[in-house]
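Structure first, commentary second.
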Amino acid sequence: MSAPTREPLTGTLIFERGAPESRCVESPALDVPDVSLSDVLSGRQRTEPPVLPHVTEVEIARHYERLASANFGVDSGFYPLGSCTMKYNPKIDEWACRLPGFAGLHPYQPPATVQGALELMWELQEALAEIAGLPAVTLQPAAGAHGELTGLLAIRAYHTANGDPRARVLVPDSAHGTNPATVAMCGYEVVQVPSDERGGVDVAALNTLLDTDVAAIMLTNPNTLGLFDENILEITAAVHAVGALAYCDGANLNAILGKSRPGDMGFDALHINLHKTFATPHGGGGPGSGPVAVSDALAPYLPGPVVARAADGVFSLVTPERSIGRVRSFVGNFGVLVRAYAYIRAVGGSGLTEVAEQAVLSANYLKELLRDVWPLPYDRVCKHEFVLSGGRMRKQTGVRTLDVAKRLLDYGIHPPTIYFPLIVEEALMIEPTETESKETLDRFAGVLRTIAAEAAEDAGLLQGAPYSTPVRRLDEAAAVKRPDLAWVPPEGAPG
Amino acid sequence: MRFIPVTCEEQAEMLRVVGADTVDDLFVDVPAAARLGRPLALPDPLGEVELAAHLEDLASADSHAGSVVSLLGGGCYDHYVPAIVDAVVSKPAFFTAYTPYQPEVSQGTLQAVYEYQSMICALTGMDVANASMYDGASAFAEAALMAARVTRRHQVVVSAAVHPEWRETLATYVGAGVLDILTCPMSDGVTDAAALRDLVDDRTAAVLAASPTFYGALDDLEALAGIAHDAGALLVAGTNPILLGVLEPPAAYGADIVVGEGQPLGNPQSFGGPGLGIFACRQEHLRQMPGRVAGRTTDVDGRTGFVLTFSTREQHIRREKATSNICSNHALNALAAGVYLSAVGREGLAGIGRACVAKAHYLESRLVETGRFERVFSAPFAHEFALRYTGDVAVMQARLLERGFFAGLDLGRFRAEDVGRVLFAVTEKRTRAQLDRFVAEVNAL
Ligand SMILES: Cc1ncc(COP(=O)(O)O)c(C=O)c1O
């Protein structure tokens, strides 16, 4: 007797479901005279219909429910993905962004008909300015990297207005890949700054690299090791001393909300990831939102439009006088802005500070529970995350950090960020966030200890993991060798 | 509200484990001069009931597509969003997930991305599509940068008939001097092909155009592709995906890169964001494409599965040599687009396209009949068209807003030459009754 089998959750495409006569949503009956498409479109009408699915609503509902069951989100379980701040996404925010007075707005409506939306945006600008310690904010950028582009182009415009755009931008070796990629897009040369033995910027090395051809430094603080740069004031002062500006990648703002502000550290520009710090969901890769806060000197260069409030309380969209221009259409990812605003009002000023405190306490707590199992390359108080090295485990057992990550999946836990930052061998970057209970943290530490023991006993067990996921390790080499990036109907299939 | 499950007692225990007396001991690495030292000057926390009321207050201060009949377009449209779309994108396993870096627990996102890519290829006729960009404008700018990499040339010619915000975004993206932009004038609402021929030469990386144009007119992509290809340049074609059930796909005219604003496919207008950037190209240019892409492969047990692939193009591997700095994209909006296209299917998309076109043409002739609007262009159009108003546009729009209509987009705000012109968009949601009432109000002006 054969064992009962279940249909796999994934693999069967929506194109392969349904039948040619299946329908879900049909176009409304035509209540105006029909037109001849070839006439009105002057022969530019479609001749071959696009191959799209033929399915009923129930098939769509089942299909995506199956796909969802093969996914892991914050609501599924612990998601300590370093640098990504996978905190809980409040449900009220989802409700708010769907209100007809928000979701149903057209970006070119007369300003008088969108005063609620503009007020929300203005309040958000003000709140982010207070949190950043920088006076001017644009909400336009669509993500962190988009904010980097915006900030760096504003810096370039500032230098250009002063007579010389300068040639180089300094980026620490611990930086996220978007930082050097952004520098290149802005026409600058990337110069890498080494880290010192405490995990901060090597100030001596920095000083040898600084000259009047340096346009800016791009720093993440706390940095991607989860460490606050103790020399930050000295660093920004040295940067300013050569006429360069200091840009802060705000990916790690969650650690310092209400405790320390990038503006007070001497930064001139900062991007904020609303999809990290302010609890808006990551959506399986986006949409995010990457507002940029800047100093008074950079404010005239921000992309327009930004929201202004007149003395009579009326809100309008204005473009700063020396704007670099827009970096996208319309005003920004408004639906994401609504969620972030709702979150900020929910937790309030005091709550934001508490968020940072708990995020940092939880990270330090986990670090203590794990430091004897994986070496801690930089042993000092961490902020919202910390990085362990799997180098010793690899040497002793042959088990790589990748294997540990895959094994975690069998325990129902999303792995930490791995192999980043690049300066730590076999890195495991762990960010618990403030929204996890102590019980979850304890269980995670326990699971990692168990996995370490498994590694010592049976390396093959980990190297073969995961075993319990909808699919197991995938052949990434084959994906490149035989690219299959879009479905095409099998030949002779019914149209 | 508070989203912290750790209790006070547990906090004390955690502090003990880390060897700190207070949480502030964990911030000793912050230099004193960089500490805030005061509470944030922000409002106090709100409970959920008060917060909901506050947000409803703000939202109810706005007029919206449900309370005013909208004839606004210009890149963002009031299409019907099937109920199933929100039911799917509201599933926490989709919207609370991160980028699918661990494919074994991300097959839902990855398969949905692969299906989305397949549908975009089907719509546009291109070989490959990426997993999405931020929006149509940034996709347009990235396409110019990609064309420069493919051709190793540093000049692009952009049609003046393209959406002004797309052109402005392009100018910002290349503002650091990475590309030179020449602008080709328009004529009759489309690219002036004769002028284009004079502008394009062996320095041109790409001709950048869109059909429909910003003015709703259908451009002659075939002619533009011919001019570009004769000079060894690429054609970047902007499109509106919801019309591709009725419009011949850009690939059929020789487009090399196709970009578009994907909002019409199942995404709410949401004040213009988040929508999504559609990006598709030919297989041979895949390695120069920006953004993530999902591919189909197998797992160690031979089961079909999906992964992010061709990552050596991307910033997390190639850093300053990457094809773009893009990291987060608009995956959830792409998911909505995929569900939308599944729900309407082949026939639905064609029917919606036909309804938009028929209703737009109905309204156009009725408005011209009033004598208060005049045609400015003779080029064919699909669901959006520009007319000249014989009086003051602002006064007309204000009057019609009082009567419950967003009476089109005042083109004068974008270009001096367009003062007096109004752009109308008509979607399948507009009923004949609404259009007739609008025409009656125009007559009563
Ligand atoms: C440190 C850091 N910088 C920049 C980024 C890019 O942000 P986004 O994905 O929003 O573009 C990330 C994202 O993971 C990051 O961790």
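The table below lists the values:
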| read-out | value |
| --- | --- |
| Qualifying residue in region A:5-14 (condition: at pLDDT below 95, more than 22 Å from the chain's Cα centre (by Cα) and farther than 26 Å from A:PRO489 by Cβ) | yes |
| Among the residues listed as B:GLU320, B:GLU314, the single one being facing another protein chain (nearest Cβ under 7 Å), within 16 Å of the ligand (Cβ to nearest atom) and charged (D, E, K, R) | B:GLU320 |
| Only one of B:ARG375, B:ARG366 that is touching a residue at least 24 places away in the same chain (Cβ under 8 Å), open to solvent by 10 Å² or more (accessible area, probe 1.4 Å) and not acidic (Asp, Glu) | B:ARG366 |
| Residues of region A:141-151 classified as more than 9 Å from chain B (Cβ to nearest Cβ) and outside any helix (DSSP H, G or I), total | 0 |
| Matching entry among B:SER70, B:SER90 (being more than 24 Å from A:GLU130 (Cα to Cα), open to solvent by less than 10 Å² (accessible area, probe 1.4 Å) and not hydrophobic (A, V, I, L, M, F, W, C)) | B:SER70 |
| So A:THR85, is it open to solvent by less than 20 Å² (accessible area, probe 1.4 Å), within 16 Å of the ligand (Cβ to nearest atom), polar (S, T, N, Q) and not assigned by TED's automatic domain parsing to the domain that holds A:SER260 | yes |
| Inter-residue pairs, beta-carbon under 8 Å, first in a strand (DSSP E or B) and in region A:255-269, second open to solvent by 10 Å² or more (accessible area, probe 1.4 Å) and basic (Lys, Arg), 6+ apart | A:SER260/B:ARG35 |
| Residue count, region B:113-123 (criterion: out of contact with any helix residue (DSSP H, G or I) (no Cβ under 6 Å at 6 or more places or on another chain) and touching a residue at least 24 places away in the same chain (Cβ under 8 Å)) | 5 |
| Residue count, region B:132-156 (criterion: in a helix (DSSP H, G or I), surrounded by fewer than 24 Cβ atoms within 10 Å (Cβ to Cβ) and away from chain A (no Cβ under 14 Å)) | 2 |
| Selected residue (only one of A:LEU337, A:LEU317 is within 16 Å of the ligand (Cβ to nearest atom) and either in the same structural domain as A:ALA103 (by TED's automatic domain parsing) or touching a Pro at 6+ places or on another chain (Cβ under 8 Å) (or both)) | A:LEU337 |
| Matching residues in region A:371-384 - criterion: being touching a residue at least 24 places away in the same chain (Cβ under 8 Å) and within 13 Å of chain B (Cβ to nearest Cβ) | A:TYR378, A:ARG380, A:CYS382, A:LYS383, A:HIS384 |
| Residue count for region A:119-128, restricted to those that are surrounded by fewer than 24 Cβ atoms within 10 Å (Cβ to Cβ), within 10 Å of another protein chain (Cβ to nearest Cβ) and in contact (Cβ under 8 Å) with a residue 12 or more places away in the chain | 3 |
| Residues within region B:392-432 that are farther than 20 Å from B:SER365 by Cβ and hydroxyl-bearing (Ser, Thr, Tyr), tallied | 0 |
| Sole residue being crowded, with 23+ Cβ neighbours inside 10 Å and more than 22 Å from B:GLN283 (Cβ to Cβ), chosen from B:THR213, B:THR239 | B:THR213 |
| Residue that is open to solvent by less than 40 Å² (accessible area, probe 1.4 Å) and either at the interface with chain A (Cβ under 7 Å from one of its Cβ atoms) or under 30 Å from A:ARG380 (Cα atoms) (or both), where the choices are B:CYS76, B:CYS8 | B:CYS76 |
| Where B:THR109 falls short, out of the listed (1) crowded, with 24+ Cβ neighbours inside 10 Å; (2) more than 7 Å from chain A (Cβ to nearest Cβ); (3) within 16 Å of the ligand (Cβ to nearest atom) | (2) |
| Those helices (runs of 4 or more DSSP H) lying entirely in region A:26-102 with at least 3 residues closer than 14 Å to B:PHE94 by Cα and more than 7 Å from every other protein chain (Cβ to nearest Cβ) | A:57-69 |
| Wholly enclosed strands (runs of 3 or more DSSP E) of region B:250-347 bearing at least 2 residues surrounded by 24 or more Cβ atoms within 10 Å (Cβ to Cβ) and aliphatic (A, V, I, L, M) | B:257-261, B:277-281 |
| Hits in region A:205-242 (condition: in a loop (DSSP other than H, G, I, E, B), touching a residue at least 60 places away in the same chain (Cβ under 8 Å) and hydrophobic (A, V, I, L, M, F, W, C)) | A:LEU225, A:LEU227, A:PHE228 |
| Subset of region A:152-204 [within 14 Å of the ligand (Cβ to nearest atom), assigned to a loop (DSSP other than H, G, I, E, B), open to solvent by 20 Å² or more (accessible area, probe 1.4 Å) and at the interface with chain B (Cβ under 9 Å from one of its Cβ atoms)] | A:HIS176 |
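For (1) more than 16 Å from the ligand (Cβ to nearest atom); (2) in contact with a helix residue (DSSP H, G or I) (Cβ under 9 Å, 6 or more places away or on another chain); (3) without any contact (Cβ under 8 Å) to a residue 24 or more places away in the chain, each residue gets a yes or a no:
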{"position": "B:PHE310", "(1), (2), (3)": "yes, yes, no"}
{"position": "B:ALA334", "(1), (2), (3)": "no, yes, no"}
{"position": "B:GLY338", "(1), (2), (3)": "yes, yes, no"}
{"position": "B:GLU347", "(1), (2), (3)": "yes, no, yes"}
{"position": "B:ALA379", "(1), (2), (3)": "yes, no, no"}
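Quick grid of which residues meet (1) more than 8 Å from chain B (Cβ to nearest Cβ); (2) within 16 Å of the ligand (Cβ to nearest atom); (3) surrounded by 24 or more Cβ atoms within 10 Å (Cβ to Cβ); (4) under 22 Å from B:PHE27 (Cα atoms):
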residue	(1), (2), (3), (4)
A:LEU227	no, yes, yes, yes
A:GLU230	no, no, no, yes
A:CYS248	yes, yes, yes, yes
A:ASP268	yes, no, yes, no
A:LEU274	yes, yes, yes, no
A:THR280	yes, yes, yes, no
A:GLY283	no, yes, yes, no
A:GLY286	no, yes, yes, no
A:SER295	yes, no, no, no
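The values are calculated or read from the model by the stated rules, or taken from the named source; none is laboratory data. What you are looking at is a predicted structure, and each value in this text was computed from that prediction instead of being measured. Here the Cβ is made from the backbone with ideal geometry for all residues, glycine too, and neighbour counts use every protein chain on show. For accessibility, only protein heavy atoms count, side chains too; no ligands or nucleic acids. Shrake-Rupley method; radii C 1.70, N 1.55, O 1.52, S 1.80 Å.
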